[in-house]
Ligand code: NAD
Ligand code: MG
């Protein structure tokens, strides 16, 4: 252990939900770096979970030695057992086992599952009072009210990992919340920032997932290409930081160096800068309230030369405008927006619908819900609304594909 004593912080036990994804793999690289720096005993692992990549999960478990490894797809249970035979690592399978993994007594839980599927395990971790490093945004968008109420009734703490929200968490003066004028999230603009609308019509999944600055999972890469990601992030910020729609804004910043800007009543604007490397917010969240070494890239501002900013184009990126509408309207719309988007992005990745059809499916799914009800605030009701919206969106995708 170094002179700067992190032993208490780094002795916390950690569970990683979604360990084989982009954030999961980066998380384990931060853990490995911490062990090499501070001692092999730091950041002991309770559980690792993955959905389908059983070979990768087993390799991670052999290397990082959690007590438990869980595979989401039940049909892969036999293979997982075989791969971990003789290691002494417990194994389990199925969605209930993923949720049960979040319930095990790890002080920290990294929520790095993609999509609203993260909601049941994330809520389980909140209920038992864990410290969440929250990368997943869909669970906050789909169930913001429920998430906030459950959090308020628990001893849990949520440290955002999404880079803009982690940045906001670092520069927000929570004690002076009344003096916050605006929180501005930056967007890289994605791979089509400078493309004409005509050219964007025939975008392929390969082009959409080739992000200029970040290497991420397929779903969030498509969301970044449509700017739906930034729209989801506005809603995420609304629920995480209790900020009204009019205090939230987006600016395009192609260098992805400034992640968030907070403007205060006295005219000050505080920004958070770092290289576009998720290992920085991951390390921040895992060491919080202290700070630790991370293997992240460092910023070289002289080499970068300039930072530029521009307004987003809501005509070419209708998904941003749709999410902003849901942010303002509230009620059930964020749940429906998220569910329809998950279905449409999957259909686009499977080449069943075109790039602009993503926005069409989301808009049409939203317009088919005529209810002005509030967002449901129990889990079963959220999951039922999510399932209904998915069914509508699937039907629309089928019609567009025909
Ligand atoms: P990914 O697709 O690379 O990984 C997803 C992980 O979740 C995998 O381990 C997968 O096995 C697991 N998973 C998938 N479906 C599941 C299901 N139904 N049940 C249980 N587990 C399931 O995704 P990612 O890019 O790592 O993103 C994860 C989350 O973090 C997303 O919500 C994303 O928006 C958010 N996020 C990611 C980044 C990034 O740089 N990748 C940045 C900010 C926020
Ligand atoms: Mg982000």
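Here, each number is a calculation from the coordinates, and none is a lab measurement. Quick caveat, the model's predicted, so the values are computed rather than measured. Neighbour counts run over all protein chains shown; Cβ positions are idealised from the backbone, glycine included.
If you average 1/r over all unlike Cα pairs in region 6-160 and invert the result, what Kirkwood radius do you get in angstrom? 15.4 Å is the Kirkwood radius here.
Going from the fewest other Cβ atoms within 10 Å to the most, the residues 80, 379, 151 appear in the order 379, 151, 80. The fewest-to-most ranking of 272, 211 by surrounding Cβ atoms within 10 Å reads 211, 272.
Contact order, relative form, for the chain: 15 percent (alpha carbon pairs under 8 Å, 6 or more residues apart, mean separation divided by residue count).
Here is the P(r) of the chain: all C-alpha pair distances, binned every 20 Å from 0, give 27, 60, 13, 0 in whole percents. With springs only between Cα atoms under 10 Å, which of 217, 21, 115 fluctuates most in a Gaussian network model of the chain? Among 217, 21, 115, the largest GNM mean-square fluctuation belongs to 217. A Gaussian network model of the chain, with springs between Cα atoms under 10 Å, assigns the largest mean-square fluctuation among 313, 103, 266 to 266. For the pair region 111-133 / region 183-223, the C-alpha centres are spaced 27 Å from each other. With contacts taken as Cα pairs under 8 Å at a separation of at least 6 residues, region 330-402 carries a relative contact order of 48 percent.
With contributions of -39500 (n - 2.57) from each DSSP H run of at least four residues, the per-residue ellipticity at 222 nm computed over the chain stands at -13500 deg cm²/dmol.
Taking the fewest neighbouring Cβ atoms within 10 Å as the starting point, the ordered list for 268, 296 is 268, 296.
Calculated on the alpha-carbon coordinates, the convex hull of region 330-402 measures out at 71 cubic angstrom per residue.
For the chain, a Gaussian network of Cα nodes joined below 10 Å ranks 311, 175, 283 by mean-square fluctuation, and the top entry is 175.
Its relative contact order, with pairs defined as Cα atoms under 8 Å and 6+ residues apart, puts region 196-345 at 27 percent.
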